[in-house]
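> Starting off with a structure, shown below.
The values are calculated or read from the model by the stated rules, or taken from the named source; none is laboratory data. Note that this is a predicted model, so its numbers are computed, not measured. Quick reminder, even Gly has a Cβ in these numbers, built from the backbone with ideal geometry, and neighbours come from all protein chains shown.
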Amino acid sequence: MSQRNLERNRRDLTITLAITAAYCLVEFVGGVMTNSLALLSDAGHMFADVAAIGLSLFALWLAQLPPTASKTFGYHRVEILAALVNALFLWVIVGLIFIEGYHRFVSPPEVKSVGMIFIAAIGLGVNIASLLVLRRSQAESLNVRAAFVHVLGDAFGSIGAVVAGVAILVADWAVADPLASGAIGLLILYSSWEIIRDAVDILMQSTPRGMHVADVEACLLHIQGVRQVHDLHIWSLTSGRYHLSAHLVVGGEAEPHGIIDAAQRRLHERFGIDHTTVQVDREVECAELYRVH
């Protein structure tokens, strides 16, 4: 990721943190005053957002630290760890929402629906503003995408609170409040699953999603002089930063440096892979090595 993109991500997260922190307090007070679990659950989620976005900002700062003798790849993976922690934290919040929702479903309390609708509607506007701020950066970084999903969950929560408030106001349907909070929880689980999956894939050094080893191998085999491809590995160091290592067996007439240059150029143009380690051996040398063994 370029320095320009990192600066934009940091700016967008800082703006979103300020907006979310300010409204989290408003929604918590409103939830207590109206006795609405939907509002309180959304406020709890927004508080989790404040912590999550703060963690994302800290991870962005760490990711820019230079490599050291003990951490030769630097601290880029911190962003992925932050994304994973944020997503798992969401699941903890959902568990608490489900527990309280069950108790309120069994014994629905009185809820002040008008105040609930008003506060939730303002919250929805705040969430939309935050989503607009993060919409571009979230496509570039899994860490920022985790923060984006947090805010998206807040938007769903605000919508659920408005709907529940209208149901209570119009039909006196008190169970709409815990039902709305349950629906919010399910949406949060669904939206955070992709973050957890992608974070685990990166930490496990899996082949990047949407990239196929067979396609990369075929691309390398199309380079003139390349006879075989062995020990091909592709992984992500962090969001959008792909690494590859491969062993190419070439014909006796091939020039190794030219093969490496061609491989690096093709991998960059077709797959966006910019960090490569390519070992080149001549076909005759490999055959002699296998005869010795």
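> Please tell me if S70 is among the hydroxyl-bearing types (S, T, Y) and at pLDDT 80 or above.
Working: among the hydroxyl-bearing types (S, T, Y): yes; at pLDDT 80 or above: yes.
Against the criterion (among the hydroxyl-bearing types (S, T, Y) and at pLDDT 80 or above), S70 qualifies.
> Let me ask something else. Using the structure shown, decide if A147 is more than 30 Å from L81 (Cβ to Cβ), touching a helix residue (DSSP H, G or I) at 6+ places or on another chain (Cβ under 6 Å), in the same structural domain as N9 (by TED's automatic domain parsing) and hydrophobic (A, V, I, L, M, F, W, C).
Considered against the rule, which asks whether it is more than 30 Å from L81 (Cβ to Cβ), touching a helix residue (DSSP H, G or I) at 6+ places or on another chain (Cβ under 6 Å), in the same structural domain as N9 (by TED's automatic domain parsing) and hydrophobic (A, V, I, L, M, F, W, C), A147 comes out as no.
> Being of a type in the set (G, A, S) and not in a helix (DSSP H, G or I) is the filter; apply it to the stretch 251-267 and report the residue that is farthest from V78 (Cα to Cα).
Of everything passing the filter in the stretch 251-267, G252 is farthest from V78 (Cα to Cα).
> With respect to R11, is the statement that it is touching a strand residue (DSSP E or B) at 6+ places or on another chain (Cβ under 7 Å), surrounded by fewer than 22 Cβ atoms within 10 Å (Cβ to Cβ) and of a type in the set (D, E, K, R) true?
Values: touching a strand residue (DSSP E or B) at 6+ places or on another chain (Cβ under 7 Å): no; surrounded by fewer than 22 Cβ atoms within 10 Å (Cβ to Cβ): yes; of a type in the set (D, E, K, R): yes.
In short, no.
> Taking the stretch 179-209 only, how many residues are hydroxyl-bearing (S, T, Y) and in a helix (DSSP H, G or I)?
4
> Additional query: Against the conditions (1) touching a Phe, Trp or Tyr at 6+ places or on another chain (Cβ under 6 Å); (2) under 17 Å from V94 (Cβ atoms), where does A161 fall short? Just the number, please.
Here A161 meets the rest and fails (1).
> Are any of the residues in the stretch 140-150 touching a residue at least 24 places away in the same chain (Cβ under 8 Å) and more than 18 Å from the chain's Cα centre (by Cα)?
no
> Restricting attention to the stretch 210-250, which residues are assigned to a loop (DSSP other than H, G, I, E, B), on the phi < 0 side of the Ramachandran plot and of a type outside the set (S, T, Y)?
Those that are assigned to a loop (DSSP other than H, G, I, E, B), on the phi < 0 side of the Ramachandran plot and of a type outside the set (S, T, Y): M211, H212, H222, I223, Q224.
> Select from the stretch 263-293 the residues that are within 33 Å of the chain's Cα centre (by Cα) and of a type in the set (G, A, S) and write down the one among them that is modelled with the lowest pLDDT.
G272
> Hey, can you tell me all the residues within the stretch 108-134 that are surrounded by fewer than 17 Cβ atoms within 10 Å (Cβ to Cβ) and either more than 12 Å from D177 (Cβ to Cβ) or within 27 Å of the chain's Cα centre (by Cα) (or both)?
V114, F118, A121, I122, G125, I128, A129, L131, L132
Residues are listed down the side, and each one gets a yes or a no for (1) over 29 Å from L60 (Cα atoms); (2) in the same structural domain as L90 (by TED's automatic domain parsing); (3) among the small types (G, A, S):
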residue	(1), (2), (3)
G115	yes, yes, yes
A129	no, yes, yes
G157	no, yes, yes
A167	yes, yes, yes
L179	yes, yes, no
I188	no, yes, no
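> Here's another thing I want to ask about it. Can you tell me which residue among L237, L220, L189, L267 is surrounded by 14 or more Cβ atoms within 10 Å (Cβ to Cβ), touching a residue at least 40 places away in the same chain (Cβ under 8 Å) and touching a Cys at 6+ places or on another chain (Cβ under 9 Å)?
L267
> Just checking, how many residues over the stretch 71-116 are more than 30 Å from T238 (Cα to Cα) and of a type in the set (V, I, T)? Before you say what the answer is, go through the steps one by one.
Our first condition is that a residue be more than 30 Å from T238 (Cα to Cα); within the stretch 71-116, this holds for 96-116.
From what is left, the residues that are of a type in the set (V, I, T) are 97, 99, 106, 111, 114.
Adding up the residues that qualify gives 5.
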